[in-house]
Every structure is written in C-alpha cells, then in structure tokens.
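No value in this document is a laboratory result; all are computed from the given coordinates. The structure presented is a predicted model; accordingly, all values stated were derived computationally and were not measured. Cβ: placed from backbone, ideal geometry, glycine included. Neighbour counts: every protein chain shown.
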Amino acid sequence: MHVLFLYASTGSGHLKAAKYVAETMTTKNADIQVHMSDALKLCYSAFESFILKAFRFLISGCPVTYRLLYRFTENNSIFNHIAGLFFSSSVSELKRICDFTKADCIVCTHPFALMLASKLKKILKLNAPAIMGIITDYKIHRFWVYPQTDLYFVPSEEMKEDMLRLGWSADRIKVTGVPCPPDIEHDVKVCRKQKPYWLVSGGGWGLGNLESTIISLLKRQTGHTLMVVAGENNVLYQRLKNIEAKYPDRLIVKRTIPKLYNTMKNALAVLTKPGGLTVTEAMILKKPLILLKPLPGAEEKNLDYLVRRGAAISYNTFLKQTDIINHWHELHSHRQGLTARSDSSDRIARCIIEACTRSNSQE
C-alpha cells in the first residue's frame, strides 16, 4: 500500500499533521509506504516563492485585506474554480508524482493540496487514487469542500453537522480529532533545576504581537518565568533576546523547540496563537490555554470556537482576570462536550488503511 501525503508549507502545522499520521501508519504496518510532497512545490519554483511571500505579507501586513479575501471565498465558490484553472500545471505534476509513487490514496492536510488532488480526480475519474482530507482547524471553510473528496477527517461533531448541512453524506465524514503526536501522553523527565514556567508561542513563523505581549507580561509582575518560542522569525528572536538580557531570571527565549508538546507538559500554562495543532496538544495535556491575537482567517474562527466552548480564554480576558489560571480546572472542568483526542492520529491511520484496503479489494 502506497500513501501520498500532500501538505502545504504555509506554516509548520500542515506538515506536522501529515507526519503524525504517517508515523502511526508505518508503526501499524511496516509494509505501508508513505510519501510526502509539498503542494506548493508542484508550482513553478518562482511562483512558489511568490505565493509564500504574498501569504506572509497579507496575514501579517494587511490583515484586513486577507480577512476580506477569506470571507469572500467562504461564501463564493468561484475562487475555487479560478484557482483550479490557474494551477493546471501543478495538477500535471501531481499526476507524475502519483504515477511514480504508485499512490493508492492521497491524504491532504491543507485546502490548497486538496484542491489539486480533487482536480486530478476530476480529470482521471475512476483511475485516480482515493482522495482524503484531514481538517486541522475547528471551523470548516469552503476552500476545503470538493465533491471529489472520498473521505474527510474532522475534529468535532459540530463540524460534521456543518458538513451534513452542506450536503455531505455521513459515511464520508469521520470524527477523529485533529492529528496529534502518537507519543503525546508519554511521560517526560522533569529537570529539577528548571523553574516553573509559562510557555509562550507565536507559531512556526513567529507572527503576531509577541514582543509587546512579552513586555506586558513581564511588567505585570506575575512572578512566573516565561519560556518564549520565536519560531523562524529572526528579527523577533533578536528583539526577544535583548529583552531576555534585562530579565535573565524571568525570560527564556528559544528559536525553536523540537517536539514542543514535551516542553508543554511541564508548563503551568500555554499562551499561543490559536493554530489547530498547538491548541489541540494543549487541550490533550489539560493545560490552561490562553489564546493570543489570532492571524486573520482560520485562527480567528478557532479562537471564537474554543472560547465559546470553554476550552480556552482570550488574552484580553486573561488581562482582566489574571488569577483565572489558579482556578482553571474548576472553571473549565465542563467543556460543553469539547474534547481533544489523544488517539486522533491512530483513528485517522486506521480509517485510511481500511479505506485503501477496501478500495484495492474492489479493483
């Protein structure tokens, strides 16, 4: 069995989601061959660079414009059709990769990847691999919705209900949870010399108002050490290191942390942008979760959903009620049915294997 995972490098979460499920699949069955491909690299190299730069510029420099585009595409499918025509050469490249890897199915962790895979299936019809989509945010967007998709893996019953209202049949939607590391609940050694800390993250790209957030927290004299992850943002990293020099006992600055969820296990609280994977890991580990200002689009929807369901609080709410952390578990013991599944990657892996096995037996 050959499985092609198709992601997009607009942040680190989409690749991580693919890796978590792929690792689980190969652990279950050593005969399964998994392949990874970045959907953006199927474009011409110059165009790939342009897309990434434009995306970063819009979400960080022109959030209002990006928000308008997000909402427009949410309620209008014409953009999907235009994009499908525009990236026709990428679809041809995807077919070449599928032929080379002998893919039985294509598993997509990003809507752009799913668009290309669905376009390929529309062309090849019955000769195409099975197409599956793993949704890593907590609210659906139209850019995820393609009739060629055979199976969706969604984080919640609420999203399943949303998709049923859009006309999807229940047998094509599996409520599995957002993919998480297979070893997320394994114990990690605690360094006795390490002071208790709050973990603060701006995501893989280190975007958002992280610097001003750190300054604000340090001035509030909470007494807690802050461990901050700057991500790939070199400018932010240097600015935070300068602040660290002034607060050596209260601030620890890291560029990146492999397996951030292990560092999260020993944190007193987690302050982060509302990216789907990070908030899921915090919920699984039952950490107090404070959501920083979101990037426009999916993160705004995540914040609204998680706050509404009682799984997190916004940073603005935290500033008004700083003692809420001390009473977190009493206040949030009943999360209105919202759960993050520690076995999500296992559930998804089993569904993919079963679907591919069933499809192969029918050929």
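Scanning residues 5 or more positions from M36 or on other chains, those with amide H under 5 Å from its amide H are F5, with H placed 1.01 Å from N in the peptide plane. Put in line by how crowded their Cβ is, counting other Cβ atoms within 10 Å and starting with the fewest, F112, F57 read F57, F112.
What ranking, highest mean first, results for peptides 21-30, 250-259 when packing means the other Cβ atoms within 10 Å averaged over each residue?
Values: 21-30: 17.2, 250-259: 15.6.
Descending packing order for the listed peptides: 21-30, 250-259.
Legend: distances between Cα atoms for K102/K174; K102/K122; K53/K139; K139/K293; K265/K286; K195/K254; pairs beyond 21 Å are K102/K174; K53/K139.
Got a sec? How would D31, D304, D137 order by Cβ neighbour count within 10 Å, fewest to most?
Values: D31 7, D304 16, D137 24.
Fewest-to-most Cβ neighbours within 10 Å comes out as D31, D304, D137.
Just want the ordering: K286, K320, K273, from fewest to most Cβ atoms lying within 10 Å of their own Cβ. Don't skip to the end; give the middle numbers.
Values: K286 12, K320 9, K273 24.
Ranked by crowding around the Cβ, least crowded first: K320, K286, K273.
Using a simple spin-label model with pseudo-atoms 7 Å out from Cα toward Cβ, N29 and L164 lie 3.0 nm apart. With θ taken as phi - 60° and the Karplus curve 6.51 cos²θ - 1.76 cosθ + 1.60 applied, the whole-hertz 3J(HN,Hα) list for the range 267-276 is 7, 6, 7, 10, 10, 8, 5, x, x, x Hz, x standing for glycine and proline.
Compute the semi-axes of the equivalent ellipsoid of the range 197-331, taking the square root of 5 times each eigenvalue of the Cα gyration tensor, and list them largest first in whole Å. Mind dumping the intermediate values first?
Values: eigenvalues 91, 58, 39 Å².
That gives 21, 17, 14 Å for the three semi-axes.
In this structure, the amide hydrogen of I252, modeled 1.01 Å from its nitrogen in the peptide plane, lies closer than 5 angstrom to those of L226, M227, V228, counting only residues at least 5 positions away or on a different chain. Phi angles of the range 224-241 translate, via the Karplus equation with coefficients 6.51, -1.76, 1.60 and θ = phi - 60°, into HN-Hα couplings of 9, 6, 10, 9, 10, 10, 8, x, 7, 7, 5, 5, 4, 4, 5, 5, 5, 5 Hz per residue; Gly and Pro are given as x.
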